[in-house]
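Structure, as structure tokens:
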Amino acid sequence: DSGVTQTPKHLITATGQRVTLRCSPRSGDLSVYWYQQSLDQGLQFLIQYYNGEERAKGNILERFSAQQFPDLHSELNLSSLELGDSALYFCASSLAGPNEQFFGPGTRLTVL
Amino acid sequence: GENVEQHPSTLSVQEGDSAVIKCTYSDSASNYFPWYKQELGKRPQLIIDIRSNVGEKKDQRIAVTLNKTAKHFSLHITETQPEDSAVYFCAASNTGNQFYFGTGTSLTVIP
């Protein structure tokens, strides 16, 4: 167990819908990262937050947004969902600076 | 931005043999290079990492080497075992604000 929690574990929804994925980082970690992993694909970096502020953006679509709250948990919002958004979404947390990232168990999103 | 390339994409070895996975990076400012192992259906987990002030690091059967001049780093697994079968990802980071991952290597260890 990495100490990072993600909910829900599985999510099945329809095209055009909106969903929210939730992540709670390890105690003491201020950085939260979101990744998308499609079938047989690598880890695509989406966005990073540090202590409530957005620090870096990767290949995140405009239909996707995220935020980190004062208690440091983070939410990833996916809207106008398309079939191609079906993937495993990981959240990771770490201490400040370039350090080991601890990954959550992931949320598997299926868009029908 | 940074670009990390990883080779090979698949690797099969006999149990007991060594496995080597190589990554190159483009940004000379990158200074932290972790390796993650992802078993099927599970989360990625760090197996070893190296910082740019070190050329080599070893942890039991796993070692990582870094050549800053050539901008490449490699993962070496010796005496491979079936439980080493997984997908391995290399990554590079500078400030820790963004990690650039390689595309992964699927390692199969044949008993």
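The values are calculated or read from the model by the stated rules, or taken from the named source; none is laboratory data. Bear in mind that the values here come from a model prediction, so they are computed numbers and not experimental data. Neighbour counts are summed over all protein chains in view; Cβ atoms, including those assigned to glycine, are modelled from backbone coordinates with ideal geometry.
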Discussion item. Six or more apart or on different chains, Cβ atoms under 6 Å: show the pairs whose first residue is in the stretch B:43-63 and farther than 16 Å from A:Glu100 by Cα and whose second is of a type outside the set (Val, Ile, Thr) and buried (at least 16 other Cβ atoms within 10 Å of the Cβ).
Written reply: B:Gly55/B:Leu66; B:Ala63/B:His76
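Considering the stretch B:8-55 alone, what residues qualify as being of a type outside the set (Ser, Thr, Tyr), part of a strand (DSSP E or B) and out of contact with any Phe, Trp or Tyr (no Cβ under 7 Å at 6 or more places or on another chain)? Outline the logic, then answer.
Step one: of the stretch B:8-55, the residues of a type outside the set (Ser, Thr, Tyr) are B:8, B:11, B:13-17, B:19-23, B:27, B:29, B:31, B:33-35, B:37-51, B:53-55.
Those still in the list that are part of a strand (DSSP E or B) too: B:11, B:13-14, B:19-23, B:33-35, B:37-38, B:45-51.
Answer for the stretch B:8-55, where residues must be of a type outside the set (Ser, Thr, Tyr), part of a strand (DSSP E or B) and out of contact with any Phe, Trp or Tyr (no Cβ under 7 Å at 6 or more places or on another chain): B:Leu11, B:Val13, B:Gln14, B:Ala19, B:Val20, B:Lys22, B:Pro34.
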Worksheet item: Has the stretch A:77-89 got any residue that is within 11 Å of chain B (Cβ to nearest Cβ) and on the phi < 0 side of the Ramachandran plot?
Response: yes
Practice prompt. Would you check if B:Glu15 is within 13 Å of chain A (Cβ to nearest Cβ), on the phi < 0 side of the Ramachandran plot and more than 13 Å from the chain's Cα centre (by Cα)?
Written response: no
Worksheet, complete the sentence: A:Ala96 meets each of (1) touching a residue at least 60 places away in the same chain (Cβ under 8 Å); (2) away from every other protein chain (no Cβ under 13 Å); (3) of a type in the set (A, V, I, L, M) with one exception, condition (2)
Worksheet item: Has the stretch A:88-107 got any residue that is over 20 Å from B:Ala91 (Cβ atoms) and β-branched (Val, Ile, Thr)?
Response: yes
Fill in: Extreme residue, surrounded by the fewest Cβ atoms within 10 Å (Cβ to Cβ), among residues of the stretch A:40-93 that are in contact (Cβ under 8 Å) with a residue 60 or more places away in the chain and not in a loop (DSSP other than H, G, I, E, B)
A:Leu83
Worksheet item: Within the stretch B:97-110, is there a residue that is within 11 Å of B:Ile21 (Cβ to Cβ), in contact (Cβ under 8 Å) with a residue 24 or more places away in the chain and hydrophobic (A, V, I, L, M, F, W, C)?
Response: yes
Worksheet item: Does A:Arg26 satisfy the criteria of being under 19 Å from A:Glu100 (Cβ atoms), modelled with pLDDT under 95 and either loosely packed, with under 14 Cβ neighbours inside 10 Å or of a type in the set (Lys, Arg) (or both)?
Response: no
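Table: residues versus (1) over 25 Å from A:Phe45 (Cα atoms); (2) touching a Phe, Trp or Tyr at 6+ places or on another chain (Cβ under 9 Å); (3) more than 11 Å from chain A (Cβ to nearest Cβ); (4) part of a loop (DSSP other than H, G, I, E, B).
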| position | (1), (2), (3), (4) |
| --- | --- |
| B:Gly1 | no, yes, no, yes |
| B:Gln6 | no, yes, no, no |
| B:Ala63 | yes, no, yes, no |
| B:Leu75 | no, yes, yes, no |
| B:Thr80 | yes, no, yes, yes |
| B:Gly96 | no, yes, no, yes |
Worksheet entry | Of all residues making up the stretch B:51-104, the number that are among the charged types (D, E, K, R), under 26 Å from A:Cys91 (Cα atoms) and either over 15 Å from the mean Cα position of the chain (by Cα) or buried (at least 19 other Cβ atoms within 10 Å of the Cβ) (or both) | 2
